Amino acid sequence: MKLIAETAWHHDGDFVFYSNLIDHILRSSVDVIKLHILVDLDKYMDIHHSAYEFLKERMFSKAQWIEILEKISISGKELMVLVNDTDAVDLVAAYNPLLVEVHSVALNNPHLLNKIDKTFDSRAKIVLGVGGSSLYEIENAASQFSNKQIVLMFGFQNYPTRYEDVNFNKIRRVMQAFPEYEFGYADHTAWDLKENVLITLMGAAVGMDYIEKHVTIKYGEQRTDWSAAVSFEMLEEIKKGMNILEQCNGDGLLALNTSEQQYCKPGIMKQIGIANCDIPEGEIFDMNSVSFLRSGLLNGMQQLDLWAMQGKVLTKSLTKGDVISSTHFGC
């Protein structure tokens, strides 16, 4: 499970602020750094949209984006890019991002989907932002990509997300419908909600491969996306909680691990078979001659192994109180 630090439009067009934010993220314990890259606003938004001028004033140049991308590429952090237009796809292609995201607002934009599919090979995972999307929309978008791993990213920003809009039960059902995919949860809980970290970790516990959080160096300052942006202290607390959760999840193997094997040792923990009467050598073994008790005596058989001895001939006599072992059956 990997932690993604989301930067989005929190920079508000201030490149110095953004570069400083990136530096802080690169020094943190997060696994992936996420950029929202927009190169040509007119390929993303109509001039009549109320946010057009807002975004136009906050856009970075290609040169500025390249400076940020170069900084990340030499850092060792994994790169995630949300590409808002086809020119952004061309810009980031040379930096081999681990994750390439299609925002839910463009989930079935055929031009963007086709451009992404043709530009990136199978090393790049395609992240589909599915907040506010139907199953049909998800299925159609995923079908446009050939030979690529799909990640469904749940969560959406409604400034900030309310408890009742998270809907983990719905998320679980969608995950069950697409078992072949990986999953992520982008948490947008209010920055000052005391349960912020808890809710994020609850999302992680649903079975996510990625957890995404907005982060800021100006905690509580009213900037774009500030309502869901956590401090770096909170981000580190989330990372620590994710690591603990990973340990609790274990490997999922059905075989007993070392600790379980120690716990279930016959005798001290699990009850073992002890003869409740004398049974001479050569007699047919009958379970009615056995009492199952916890005991400090060792070398007893596992309960089911003893069941399998029903009707077998004893090759060694038993005295009442003896622990029954495999040696009594010549094993």
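The values are calculated or read from the model by the stated rules, or taken from the named source; none is laboratory data. What you are looking at is a predicted structure, and each value in this text was computed from that prediction instead of being measured. Using ideal geometry, Cβ is built from the backbone for each residue, glycine included, and neighbour counts are taken over all protein chains shown. With ligands, DNA and RNA removed, areas are computed over all heavy atoms of the protein, side chains included. Shrake-Rupley method; radii C 1.70, N 1.55, O 1.52, S 1.80 Å.
Checked against the criterion of being within 23 Å of V151 (Cβ to Cβ) and of a type in the set (F, W, Y), the range 13-35 contains not a single residue that satisfies it. Within the range 94-120, the residues that satisfy the criterion of being under 18 Å from L79 (Cα atoms) and not in a helix (DSSP H, G or I) are N96, P97, L98, L99, V100, E101, V102, H103, F120.
Mind counting the residues in the range 1-57 that are over 25 Å from V230 (Cα atoms), touching a Ser or Thr at 6+ places or on another chain (Cβ under 8 Å) and hydroxyl-bearing (S, T, Y)? Count: 0. So which residues in the range 191-210 are among the aliphatic types (A, V, I, L, M) and under 19 Å from N158 (Cβ atoms)? Residues satisfying the conditions are L193, I199, M202. State which residue pairs qualify: first residue closer than 13 Å to F285 by Cα and inside the range 297-315, second residue open to solvent by less than 40 Å² (accessible area, probe 1.4 Å) and assigned to a loop (DSSP other than H, G, I, E, B) in any location, beta carbons under 7 Å apart, and separation of 6 or more residues or different chains. Cβ pairs passing all conditions: L306/I324; M309/F285; Q310/F285; G311/F285; K312/F285; L314/F285. Within the range 256-275, the residues that satisfy the criterion of being touching a helix residue (DSSP H, G or I) at 6+ places or on another chain (Cβ under 9 Å) and without any contact (Cβ under 8 Å) to a residue 40 or more places away in the chain are L256, P266, M269, K270, Q271.
Of the residues making up the range 181-196, those that are open to solvent by 40 Å² or more (accessible area, probe 1.4 Å) and within 18 Å of M1 (Cβ to Cβ) are Y181, E182. The set of residues in the range 66-93 that are open to solvent by 60 Å² or more (accessible area, probe 1.4 Å) and part of a helix (DSSP H, G or I) comprises I66, E67, E70, S73, D90. Pairing residues of the range 1-21 that are among the aliphatic types (A, V, I, L, M) and open to solvent by 10 Å² or more (accessible area, probe 1.4 Å) with residues that are modelled with pLDDT under 95 and in a loop (DSSP other than H, G, I, E, B), at Cβ distances under 8 Å and at least 6 apart in sequence or on separate chains, gives no pairs at all. Residues in the range 273-290: is at least one on the phi < 0 side of the Ramachandran plot, of a type in the set (S, T, N, Q) and in contact with a strand residue (DSSP E or B) (Cβ under 8 Å, 6 or more places away or on another chain)? Yes: one or more hits. Checking Q144, Q176, Q149, Q157 one by one, the residue that is at negative phi and in contact (Cβ under 8 Å) with a residue 60 or more places away in the chain is Q157 and no other.
Here is the figure for the range 128-170: residues that are surrounded by 17 or more Cβ atoms within 10 Å (Cβ to Cβ), modelled with pLDDT of 95 or more and assigned to a helix (DSSP H, G or I) total 3.
Annotation note: of I238, I199, I268, the sole residue that is assigned to a loop (DSSP other than H, G, I, E, B) and either among the β-branched types (V, I, T) or buried (at least 18 other Cβ atoms within 10 Å of the Cβ) (or both) is I268.
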